[in-house]
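Participant: The structure follows.
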Amino acid sequence: MKIDRDQLTAQVERMIKNGYDYLVKITAVDYNDHVEAIYTLRNMDANKDDTLEVEMSSADLWVPSVMKYFKAADWYERELYEMFGIAIKGRAVDRLLLEKWDGENPPLRKDFVWGVQYKTKD
Amino acid sequence: MAITRINIGPVHPSTHGVLRLVVDLDGDTIERVEPHVGFLHRGVEKLVETRMYMQSPPYMEKLDYIAPLSYDEAYVSAVEKALGVEVKERAQYARVILLELQRIASHLLAVGTMCNDLGQMFTVFMWAFKDRDMVLKLLEEAAGNRMFYVNMRLGGLLRELPPDFEMQTLDVIDYMERRIPEYERYIEGNPVFMERMKGVGVLSQKDARNLGVTGPVLRASGIEYDVRKNNPYYVYDKLHFSVKSLEKGDNFSRYRIRMMEMRESIRLIRDAFDKMPAAGDMLGMPVKLRSPAPVNKEVRVSRELPRGEALMHMVADQQKPYRLSIRSPSFINLAALPDIAKGYRLADLFSILGSLDLVMGCVDR
């Protein structure tokens, strides 16, 4: 289901009420001009998966945090920030997870420049 | 009392790889654990985007080096789904047999290292290693390599199972069936082990859902979810096995679940050999650089690996994946560690870590 990022938290809340209370994965795909963040939620009792797709332009990358609904979102959101440079609103991403870089050139974006020496932080 | 901060790892025998833990202690009680990961990060998701479809399975195997075949299979089935390739029926049975053998090997190692972490130095570990080696020998017979198999091909396997494979496998699993009670007698008859397992590292059902843990960790907390049963792939819906779950969610339950799953895997393998059709072959397409054009643009494949559920989400391009996102089971189980370990003793941290059965290659990707 494609939704707007302003409605993301409200939609997640609605889905939790419908039994979708297990977060499988948050990931993203970069389509050059826009980036799509994909939230996969699961209703374990009904055995159903549903996805929420949030589309945003590459110039303005942010999504609201869903961490207050799912603790599982913590590391996924940090990964989203570090791999795609998507800012997470409503929480502090204080430490990078897998890489050590200075915030430029996120690795899973399509305009990633190979072979650049990273300035390391930490 | 003042908080003491200590650093564990990145190189530490009990962290099962390169994992750094920063632990805040109040006396001997854990106030906060912060896992620092990424030491084994190889950027596999990015690498895959630069390779042809069938050049990537070797990378996938190095993600989880304890159960390489399972990752290989998960990736290849994502490619199969994207390219619209059907898997031959005999190959489906053969894959199930190999995957379950891999599960037994992986769980044996998990139990062995867990006992090591608990100070039962090397007895169970050596038993497990020896028994695991018998399973690895079988996989070597089938695939040609002892550890990294790369024998999944589009639509089937690299080669037929050898003629005496069934007999050899049945011998090994008969032996394994006699062996599992021995493990249990030795481990569960040990009061020190039981003391440190029962009631330690409790993860309630509600937290398990919220933290998104998966695999044996989820089932030990009372949620009976197994992809093989709930969302069956291959011939799992035709075979007899049951999904086990326990209520308590402590270290001991997580260990018990693995023992029970090994028994179920043995049942599955026997059943799969019984029902495997004699006619037909199991050969897949030979690896060619050019693959058929994809029929599905975006595919999602969910598989039950020994450590939990892996979700391969692939956006397909003509000859290469445009994007492959891997939901790795160890990643999300490790993310739950701070919540599980809080309030227990420092010494319990390693028993909890052992019971989660992490592979750092799988966490860092």
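The values are calculated or read from the model by the stated rules, or taken from the named source; none is laboratory data. Keep in mind it's a predicted model, so treat the numbers as computed, not measured. So basically every Cβ, Gly included, is an ideal-geometry build from the backbone, and we count neighbours across all protein chains shown. Heads up: the accessible areas ignore ligands, DNA and RNA and are worked out on the full protein's heavy atoms, side chains in. Shrake-Rupley method; radii C 1.70, N 1.55, O 1.52, S 1.80 Å.
Participant: Tell me the angle of helix A:73-84 to the major Cα principal axis of chain A, expressed in degrees between 0 and 90 and rounded to the nearest ten.
Facilitator: With both axes taken from Cα atoms, the answer is about 40 degrees.
Participant: Kindly identify chain A as rounded, prolate or oblate by the Cα gyration tensor criterion: order the square roots of the eigenvalues as a ≥ b ≥ c, call it rounded if a/c is under 1.5, otherwise compare a/b with b/c, prolate if a/b is larger, else oblate. Please report the intermediate quantities before stating the final value.
Facilitator: Numbers: a/c = 2.25, a/b = 1.78, b/c = 1.26.
In terms of gyration-tensor shape, prolate.
Participant: Gap in Å between the Cα centre of the range B:253-319 and the Cα centre of the range B:210-239?
Facilitator: 14
Participant: How many Å² of accessible area per residue for the range A:2-89, probe 1.4 Å?
Facilitator: Details: 3350 Å² over 88 residues.
Result: 38 Å² per residue.
Participant: If Lys and Arg each add +1 and Asp and Glu each add -1, what is the summed charge of the other residues whose beta carbon sits under 11 Å from the beta carbon of residue B:237? Show your work: numbers first, answer last.
Facilitator: Numbers: positive: B:228, B:229, B:238; negative: none.
In short, +3.
Participant: Follow-up question, since we're still on this one. Put +1 on the Cβ of every Lys and Arg and -1 on every Asp and Glu Cβ in the protein assembly as shown; which of B:9, B:50, A:32 then has its Cα farthest towards the positive end of the dipole?
Facilitator: Checking the options against the dipole of the protein assembly as shown, the answer is B:50.
Participant: Continuing with this model, one more query. Within the accessible area of the range B:3-364, what % is carbon and sulfur when the probe is 1.4 Å and the other protein chains stay in place?
Facilitator: Working: 6940 of 12830 Å².
Of the solvent-accessible surface of the range B:3-364, carbon and sulfur hold 54 percent.
Participant: Here is a further query. Which parts of the range A:45-63, residue by residue, lose 50 Å² or more of accessible area when the rest of the protein chains are there, as against the chain isolated (1.4 Å probe)?
Facilitator: Residues meeting the cut-off: A:47.
Participant: So how much accessible area does residue B:127 have, in Å² to the nearest 10, using a 1.4 Å probe?
Facilitator: 70
Participant: Mind checking B:227-233 for the average number of partner chain beta-carbons within 10 Å of each residue's beta-carbon? Please report the intermediate quantities before stating the final value.
Facilitator: Working: counts 0, 0, 1, 3, 3, 0, 0.
Counting other chains' Cβ atoms within 10 Å and averaging over B:227-233 gives 1.
Participant: By what distance, in whole Å, do the Cα atoms of the protein assembly as shown stretch along each of the three principal axes, largest value first?
Facilitator: 64, 61, 46
Participant: Test of understanding: express the Cα radius of gyration of chain B as a ratio to 2.2 N^0.38 Å, with N the residue count. All intermediate terms of the calculation are to be shown ahead of the outcome.
Facilitator: Values: Rg = 20.4 Å, N = 365, 2.2 N^0.38 = 20.7 Å.
That works out to 0.99 for chain B.
Participant: Under a Cβ-Cβ cut-off of 11 Å, what is the net charge of the residues other than residue B:358 that fall near it, where Lys and Arg count +1 and Asp and Glu count -1? Show your work: numbers first, answer last.
Facilitator: Values: positive: B:307; negative: B:64, B:357, B:364.
Around residue B:358, the charge tally is -2.
Participant: With a 1.4 Å probe, what is the total accessible area buried between chains A and B, in Å² rounded to the nearest 100? Walk me through the numbers before you get to the answer.
Facilitator: Values: alone 7440 and 14800 Å², together 18760 Å².
For A against B, buried area totals roughly 3500 Å².
Participant: Next question, about the same structure. Does anyone have the angle between helix A:8-17 and the longest principal axis of chain A? Alpha-carbon axes, 0 to 90°, nearest 10?
Facilitator: With both axes taken from Cα atoms, the answer is about 40 degrees.
Participant: How large is the charge dipole for the range B:3-364, taken about the Cα centre, if only the Cβ atoms of Lys, Arg (+1) and Asp, Glu (-1) carry charge, to the nearest 20 debye?
Facilitator: Working: 49 positive and 49 negative charges, 139 e Å.
Roughly 660 debye for the range B:3-364.
Participant: Additional query: Arranged from highest to lowest average of other beta-carbon atoms within 10 Å per residue, in what order do the peptides A:78-84, B:109-115, B:319-325 appear?
Facilitator: Values: A:78-84: 21.9, B:109-115: 24.3, B:319-325: 20.1.
Highest mean packing first, the order is B:109-115, A:78-84, B:319-325.
Participant: Can you order the peptides B:232-238, B:216-222, B:163-169 by their average number of other Cβ atoms within 10 Å per residue, highest first? Could the numbers behind the result be given before it?
Facilitator: Details: B:232-238: 16.4, B:216-222: 26.6, B:163-169: 14.1.
Descending packing order for the listed peptides: B:216-222, B:232-238, B:163-169.
Participant: Run a plain Debye calculation on the range B:199-297 (Cα atoms as equal point scatterers, no solvent) and give log10 I(q)/I(0) at q = 0.12, 0.20, 0.22 Å⁻¹, rounded to two decimals, same order as the q list.
Facilitator: Values, matching the q order: -0.58, -0.96, -1.06.
Participant: How big is the dipole moment of the range A:2-89 about its Cα centre under a simple scheme where the beta carbon of each Lys and Arg is +1, that of each Asp and Glu is -1, and everything else is neutral? Debye, nearest 20, please.
Facilitator: On the way: 11 positive and 17 negative charges, 82 e Å.
Result for the range A:2-89 is approximately 400 debye, rounded to the nearest 20.
Participant: Going by average Cβ density within 10 Å per residue, which order do the peptides B:175-181, B:138-144, B:45-51, B:302-308 take, highest to lowest? Walk me through the numbers on the way to the answer.
Facilitator: Working: B:175-181: 14.7, B:138-144: 18.4, B:45-51: 16.6, B:302-308: 26.0.
Order by mean packing, descending: B:302-308, B:138-144, B:45-51, B:175-181.
Participant: Sequence gap at least 6, Cα distance under 8 Å: using those rules, report the relative contact order of chain B to the nearest whole percent.
Facilitator: Relative contact order for chain B comes out at 27 percent.
Participant: Oh, and also: Using only atoms on other chains, find how many Cβ atoms lie within 10 Å of each Cβ of peptide B:205-212 and report the average.
Facilitator: Other-chain Cβ atoms within 10 Å of each residue's Cβ, averaged: 5.
Participant: What average count of beta carbons from other chains do you get within 10 Å of the Cβ of residues in A:18-27? It would help to have the intermediate numbers written out before the result.
Facilitator: Numbers: counts 0, 0, 0, 3, 10, 5, 9, 11, 2, 8.
The mean count of partner-chain Cβ atoms within 10 Å per residue comes to 5.
Participant: Which value, in debye to the nearest 20, gives the size of the charge dipole of the range B:285-359 about its Cα centre, when Lys and Arg are +1 and Asp and Glu are -1 at the Cβ? Please report the intermediate quantities before stating the final value.
Facilitator: Details: 11 positive and 7 negative charges, 82 e Å.
Charge dipole, the range B:285-359, about its Cα centre: 400 debye, nearest 20.
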